[in-house]
Amino acid sequence: MLALVVFALEWSKQGYRDAIQFAISEINESADNFLIDEKEADRINENLKTILRKVYQND
């Protein structure tokens, strides 16, 4: 049972990582296509990268 819980937690962390990395790439693409301001994209990406680092730190 414990192994299943550990597996579920690791799978969940990977899901968070993938979602954050996908969001960063989508924001960059939106900035490249002038859909959002580049400075705003940078600010959002920095916040997402901070969250991503915290997820990695908890490993």
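Readers should treat all values here as calculations from the given coordinates under stated rules, not as data from a laboratory. Note that the structure is a prediction, hence the values are computed from the model and not measured. Reconstructed Cβ throughout: ideal geometry from the backbone, glycine too, with neighbour counts over all protein chains shown.
Show which lysines lie in cross-link reach of LYS39 when reach means a straight Cα distance below 18 angstrom and same-chain residues fewer than eight apart are skipped. Here the lysines satisfying the reach criterion relative to LYS39 are LYS49.
The aspartates and glutamates whose alpha-carbon is closer than 18 Å to the alpha-carbon of LYS13, local same-chain residues fewer than 8 away aside, are ASP59.
Less than 13 Å Cβ to Cβ from GLU26, Lys/Arg counted +1 and Asp/Glu -1: what total charge do the surrounding residues give?
Details: positive: none; negative: ASP18, GLU29, ASP32.
Surrounding charge for GLU26 is -3.
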